[in-house]
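What follows is one structure encoded as structure tokens, with my remarks underneath.
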Amino acid sequence: MTNEHTAIQWHALSDQALLELLGNFIKETRLSQNLTQEQLANQAGIARSTLSLLEKGTGGTILSLIQVLRILDQLSIFKQLQRPVQVSPLLLAKQAKAQRKRASKKQSNNPLSTNADW
């Protein structure tokens, strides 16, 4: 069986199905950490009813979601949101050209101290 058959087709899921999937993830993670809804809600600084709505996939805010995921140590699910910084090759070449290739001699502040043969 390939991943194509077992993988979730994210675009095919309704918004409600995605909310329920996220709610199930929160509930399963909470239970695996042996936390009650009351305990998790208190630690996250939200009402227990808000957590219940999140777990059912019927409500809550993004802020509440972040607060809950932080307590559950699951903020890594947002890893896909981070995009690598792409630097222009022209900018890289310009920066490389601007870097010093060698050190220069220290210039004396006293112009009379030079050894000129007159």
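The values are calculated or read from the model by the stated rules, or taken from the named source; none is laboratory data. The structure presented is a predicted model; accordingly, all values stated were derived computationally and were not measured. Counting neighbours? That spans all protein chains shown, and the Cβs are built from the backbone with ideal geometry, glycine included.
Of the residues Gln86, Gln80, which is assigned to a loop (DSSP other than H, G, I, E, B), polar (S, T, N, Q), surrounded by fewer than 13 Cβ atoms within 10 Å (Cβ to Cβ) and under 21 Å from the mean Cα position of the chain (by Cα)?
Just a single option satisfies the conditions, and that option is Gln86.
Yes or no: segment 65-72 includes at least one residue that is under 22 Å from the mean Cα position of the chain (by Cα), β-branched (Val, Ile, Thr), closer than 27 Å to Ser14 by Cβ and modelled with pLDDT of 95 or more.
yes
State yes or no: is Ala47 small (Gly, Ala, Ser), at pLDDT 80 or above and more than 22 Å from Leu21 (Cβ to Cβ)? It would help to see each step written out before you state the result.
Working: small (Gly, Ala, Ser): yes; at pLDDT 80 or above: yes; more than 22 Å from Leu21 (Cβ to Cβ): yes.
So Ala47 passes the test.
Restricting segment 42-76 to residues that are in contact with a Ser or Thr (Cβ under 7 Å, 6 or more places away or on another chain) and part of a helix (DSSP H, G or I), which is surrounded by the most Cβ atoms within 10 Å (Cβ to Cβ)?
Among residues in segment 42-76 that are in contact with a Ser or Thr (Cβ under 7 Å, 6 or more places away or on another chain) and part of a helix (DSSP H, G or I), the one surrounded by the most Cβ atoms within 10 Å (Cβ to Cβ) is Leu54.
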